[in-house]
1. I'd like the residue in segment 368-388 that is touching a residue at least 12 places away in the same chain (Cβ under 8 Å) and aliphatic (A, V, I, L, M) and, out of all such residues, is surrounded by the most Cβ atoms within 10 Å (Cβ to Cβ).
2. Among R70, R24, R33, R10, which is the only one that is basic (K, R) and touching a His at 6+ places or on another chain (Cβ under 9 Å)?
3. Would you mind telling me which numbered condition in (1) under 19 Å from V59 (Cβ atoms); (2) at pLDDT below 95 P21 fails?
4. Hey, any hits in segment 260-276 for a residue that's of a type in the set (A, V, I, L, M, F, W, C) and without any contact (Cβ under 8 Å) to a residue 12 or more places away in the chain?
5. Suppose we filter segment 9-66 for residues that are touching a strand residue (DSSP E or B) at 6+ places or on another chain (Cβ under 7 Å), over 19 Å from T81 (Cα atoms) and β-branched (V, I, T); how many remain?
6. When segment 97-140 is examined, which residues are found to be of a type in the set (D, E, K, R), surrounded by 13 or more Cβ atoms within 10 Å (Cβ to Cβ) and in contact with a strand residue (DSSP E or B) (Cβ under 8 Å, 6 or more places away or on another chain)?
Amino acid sequence: MRHVSDEERRARLGVRHAIAPGARVGSPEEAARGVGVLHATEPATVYLSCWARVESVGVGDVDRALYEERGLVKQLAMRRTLFVFPRDLLPAVWPSASARVAGAERARMAKDVVRAGVAEDGDAWLDRARAEVLAVLADAPGGRTALEIREAVPMIGVKVAGGPGETWSAPRVLTHLGATADIVRGVNTGRWNSSRPRWTLTRHWLGDVPPPLGAAEGYRELVRRWLRAFGPGTESDLVWWLGSTKAAVRTALADLAAVPVSLDGGGTGWLLPDDLAEAPDPGPWVALLPVLDPTVMGWQGRDFHLGPHRDQIFDSRGNAGTTAWVDGRVVGCWLQDAAGVVSVLLLEPVSATARRALDDEAARLTSWLGGRVESGYVAPAAKAARQSL
């Protein structure tokens, strides 16, 4: 059995994910394909993930890919997380990861509606609410904001108690319609680092909507893309990333004829059969990645790049803050001061050359951002540093 060391995994990461400077790509679409999907829970992450990977990119370039060319599309999927997908991957995710999320959402919402006394039949209520929203959007090719939809469909304006401390209303119905691929988040009416979309029928947004694959085919394609970007990874990594089952992952690995390899620490990882060659050394490199970047969030087992810094980078719910990288390892995080100046907070010693390179990246990012960008996900190390100022 071939062995893939942690060092080789880090080399693969730098090259495949286009974050080693010599591996950077030329467009947001290429950046997304390099990591399969981009995290979009925070709107700014999409832009900053592209900034880290594209040789020269501006906000307008990412906007164009999302809202004009529409080669990148926002879609709720794995682990009930919002991602930006390359358009050609949508037929795979719709019947698999998104359908799984949609099913769980429907069951939860229907139960909440009955418990709250809104309707005796929760499924019937949701079906009617969905149908009314779709009817309103049918006559609006340019889409409508959540507020406009709520005003046009009063029944979804109710407040429904969900889990402990949770109350949901109209946006939850729109979220479900997005998970089922009936509607998409269209043009953003806010700034690039905010999310105020015009919800739009999928057929209006995409034109010719490609037919979805079968569920097994969809999972197979998602696993194939993940292995191409993140392999070698373990079965547990895939189950976590997909938010799926061991059975679905094992079926996909078998269908792909994935090859087992041994990893440092004794685990078993998987590679595509045409991806067994040793990865080229990308040379020395540094990178600054945003909160919830797909590279940071790509594996469940992250020790090979995260080392001892998990508790200083990830919050208690498993969300990653900003990260600073040297040669495929997380060595710290980055933060902004009140004036928007980016600085690097190291969690371990690095060479003087790497420190200068990180400072150069911080200056480049400061210039690109042109001011502060607030985040709901702050690395514990960064939070402690702010509190000490």
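The values are calculated or read from the model by the stated rules, or taken from the named source; none is laboratory data. Small disclaimer: the values here were computed from a predicted structure and weren't measured. Heads up, the Cβs are rebuilt from the backbone with ideal geometry, glycines too, and the neighbour counts pull from every protein chain shown.
1. Here the answer is A379.
2. Exactly one of R70, R24, R33, R10 is basic (K, R) and touching a His at 6+ places or on another chain (Cβ under 9 Å), namely R10.
3. For P21, the failing item is (1).
4. Among the residues of segment 260-276, not one is of a type in the set (A, V, I, L, M, F, W, C) and without any contact (Cβ under 8 Å) to a residue 12 or more places away in the chain, which makes the answer no.
5. 3
6. Selection gives D112 alone.
Residue-by-condition table, conditions (1) more than 23 Å from R70 (Cβ to Cβ); (2) touching a strand residue (DSSP E or B) at 6+ places or on another chain (Cβ under 6 Å); (3) of a type outside the set (A, V, I, L, M):
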{"residue": "V153", "(1), (2), (3)": "yes, no, no"}
{"residue": "V158", "(1), (2), (3)": "yes, no, no"}
{"residue": "S169", "(1), (2), (3)": "yes, no, yes"}
{"residue": "R185", "(1), (2), (3)": "no, yes, yes"}
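For (1) in contact (Cβ under 8 Å) with a residue 40 or more places away in the chain; (2) under 24 Å from the mean Cα position of the chain (by Cα), each residue gets a yes or a no:
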position: R144; (1), (2): yes, no
position: V153; (1), (2): no, no
position: G163; (1), (2): no, no
position: A179; (1), (2): yes, yes
position: R191; (1), (2): no, yes
